[in-house]
Amino acid sequence: MTDLDDRIASVLRERAEGDIDTDRLLSRSRARGRRRQVRRRAATGMALALVGVLGLATMTAPGLPGLPGRLPWTTATPAIVNPVPPRAGGVPGAAQQPELVGTDPQVLHLGVDPAKGRYLGWQVVGDGVETLRIGPPGGRPVTIDVASTAAAVDGLAIDGLSIDAPRGGAFDGKVWQLGSNPGGLVMLWQPAPGVYARAAMPGRDRAALARAVKALKWDEARRCGGPLRLTALPAGARIAGCRVDVSSFPGTMDVVVTLYRGTSDMMSVRLQYNAGITGARSDSNRTIGGRPAYLYPDGMGLELLGLPKAHLIAEFGSPWKGFTEADATTVLAGAQVAKDLTDPETWK
């Protein structure tokens, strides 16, 4: 029974041997009810005040320990930000100046609408072709090759497929089906005058291929190196290629920048990130700009130490040749690595 029921029973017991005083019964019941109502309103007011204080705290303070910016009953976690190469400031996209496509191994003259597709990787390899590998929602990876001439794209090997690409095809937007079981799809088209593009993917999902093509943006330019920028090069050296793999981001990431000098000298600078890396190398045997470094026993690789969960290595020995440890030291001394490799906002 409730408190009010108990009170009514008590009054009834008091008058069990005589007349029932209904006025007294009613007045006590009403009084009891009013007191309960007052306590209920007070409790409600305190609860609302507590919510208000917590709400104010979340707006004015950094948050509760371990849960910054969240109320204690919130279980949602921040969404993973998809990797996007940083913008190349002041550089026009392929649609504005098609003749620039493939001329700078550090720049991509196209991009991807993040609402329509996800970057899985990109590269510029110095042969006049820029390549994107994207994952449209609900579809298989699609490789996009872009150049300023039809000849540069014509007959390129198709990433992920053993089938030869058709040669001499018209860039008319027609979709070709290659092979079987399941084979692949290829489309040649001109997204803008003077721009020649090819989209290729394994399987036969034409809808996925169409979505990938629609996700492309031709009015912007992006920096190929992603979280890695080389600001110092040995005398006579030039950056000749760039390749980034973010297909397993944010768990892993692989960035490779290739340097050439003359006709034969070659060096590869590689940034490898893996969230599973624990600990750090402590047996440094070199210093670069006051930071610890490690020259590998074979004398063909130099690593800059101290990067959380990452390796930054300049490889200059066999099969590469021509560059020296001193050259590798110059490159690593000027290497700039993003503050947070898992946050593309810091890659700028």
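The values are calculated or read from the model by the stated rules, or taken from the named source; none is laboratory data. The model shown is predicted, which means the values in this text are computed figures rather than measured ones. Reconstructed Cβ throughout: ideal geometry from the backbone, glycine too, with neighbour counts over all protein chains shown. Accessible surface areas use protein heavy atoms only, side chains included; no ligands, DNA or RNA. Shrake-Rupley method; radii C 1.70, N 1.55, O 1.52, S 1.80 Å.
Can you tell me how many residues in segment 298-346 are farther than 17 Å from I239 by Cβ and either free of Cβ contacts under 8 Å to residues at least 12 places away in the same chain or not β-branched (V, I, T) (or both)? Counting residues in segment 298-346 that are farther than 17 Å from I239 by Cβ and either free of Cβ contacts under 8 Å to residues at least 12 places away in the same chain or not β-branched (V, I, T) (or both) gives 28. Only residues that are among the small types (G, A, S), crowded, with 20+ Cβ neighbours inside 10 Å and either under 24 Å from the mean Cα position of the chain (by Cα) or more than 14 Å from R140 (Cβ to Cβ) (or both) were counted in segment 181-207, giving 3. If a residue has to be assigned to a strand (DSSP E or B) and either buried (at least 20 other Cβ atoms within 10 Å of the Cβ) or touching a residue at least 24 places away in the same chain (Cβ under 8 Å) (or both) to count, how many in segment 272-297 make the cut? The total comes to 7.
Where residues in segment 267-281 are in contact with a Leu (Cβ under 8 Å, 6 or more places away or on another chain) and modelled with pLDDT under 95, which of them is nearest to P344 (Cα to Cα)? In this case the residue turns out to be A280. Where residues in segment 74-89 are modelled with pLDDT under 95 and of a type in the set (G, A, S), which of them is nearest to G194 (Cα to Cα)? Checking each candidate, the answer is G89. Hey, any hits in segment 259-271 for a residue that's open to solvent by 10 Å² or more (accessible area, probe 1.4 Å) and touching a helix residue (DSSP H, G or I) at 6+ places or on another chain (Cβ under 9 Å)? Within segment 259-271 (the criterion being open to solvent by 10 Å² or more (accessible area, probe 1.4 Å) and touching a helix residue (DSSP H, G or I) at 6+ places or on another chain (Cβ under 9 Å)), the answer is yes, since at least one residue qualifies. Of the listed requirements (1) part of a strand (DSSP E or B); (2) closer than 19 Å to A94 by Cα, A212 misses just one: (1). Count of segment 221-253 residues, restricted to those that are under 14 Å from R133 (Cβ atoms) and not basic (K, R), is 10.
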